[in-house]
Amino acid sequence: MLIKLLKLFLQSLFLLLLVAVVIGLTLPQNYSVDKKIEINANTRTIKSLVTDFNQWHKWSPWQQVDPSIKFTVNEPSLGVGAHQSWVSKWGYGEMTITSISQNKMSFNMLLDDENIVQGTLAFIEENQSVTVICHIEGQANTILISGYMAILSEYVLGNTVALGLNNLKTVAQLSDMQSIMESHDSQNSTSPN
């Protein structure tokens, strides 16, 4: 009786795994994330924080998400061709800024030497604020479970990008306020009394 139950359990488990693999093979391997936020700061301030990898420690969400992550900023660290790499208990990767225009920055990432991710940060000025739109797309390449990895990647990246944009908003707005206060202080100190 025990042997029959064990045999039935193993057959059921095998069938369940087979169904999971078949479903995983039919799921899309591509994923994309689109997030946006309105920031009450000027575009110059925001772009200086995102186009210089030496400034990313001020707002990047990855240290909050994964405390084991260690970044290395390579040369150049600023502008087109800027490059950074990282390693953590979850893997490693690298990121390169591929283009910068007045209202957009594009970048490529390579994760664990196999997953290529492309993204953009767009800056749309409206009245006294800037809407920052982050778009990331990639493809999971893990054999047999790529569909599940794409779903997981989209979920993790969606939450992490939202956190990063909120951090960017806080840092950019504080930086702009500090610049305004310093400007007023310097004007007041040079005016005759």
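Please treat every number below as a calculation from the coordinates, not as lab data. The structure presented is a predicted model; accordingly, all values stated were derived computationally and were not measured. Cβ sites come from the backbone with ideal geometry, for glycine too, and all protein chains shown count toward neighbours.
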Order by protection proxy (mean Cβ within 10 Å, highest first), peptides 96-108, 4-16 | 96-108, 4-16
Take the alpha-carbon centre of segment 146-167, take the same for segment 59-89, and report the distance between them in whole Å.
-> 17 Å
Taking segment 60-120 on its own, what percent of its Cα-Cα pair distances exceed 16 Å?
-> 49 percent
Going by alpha carbons, how many degrees (0 to 90, nearest 10) lie between the helix axis of 146-190 and the longest principal axis of the chain?
-> 10 degrees
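What is the calculated FRET efficiency for N30 to E75, with r their C-beta to C-beta distance and R₀ = 35 Å, to the nearest 0.05? Walk me through the numbers before you get to the answer.
Working: r = 33 Å, r/R0 = 0.94.
About 0.60, to the nearest 0.05.
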Towards the positive end of the charge dipole of segment 29-186, with charges on Cβ (+1 Lys, Arg; -1 Asp, Glu), say which of S129, I143, N30 has the farthest Cα.
-> S129
What is the extension gain from N127 to V87, computed as 0.36 nm multiplied by their sequence separation minus the C-alpha to C-alpha distance, in nm to one decimal?
-> 10.4 nm
Using Cα pairs under 8 angstrom and six or more residues apart, how large is the relative contact order of segment 29-186, in percent?
-> 31 percent
Taking the highest mean first, how do the peptides 162-171, 123-132 order by number of other beta carbon atoms within 10 angstrom per residue?
-> 162-171, 123-132
Determine the principal axes of the Cα atoms in the chain, then give the extent along each, sorted from largest to smallest and rounded to whole angstroms.
-> 100, 31, 31
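Per DSSP H run of at least 4 residues, take -39500 (n - 2.57); add these up for the chain, divide by its residues and hand me the 222 nm value, nearest 500 deg cm²/dmol. Write down the numbers at each step before the final one.
On the way: 4 runs with 82 residues, N = 193.
Computed ellipticity for the chain at 222 nm equals -14500 deg cm²/dmol.
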For K104, other-chain or 5+-apart residues with amide H closer than 5 Å (H placed, Pro excluded) are F123
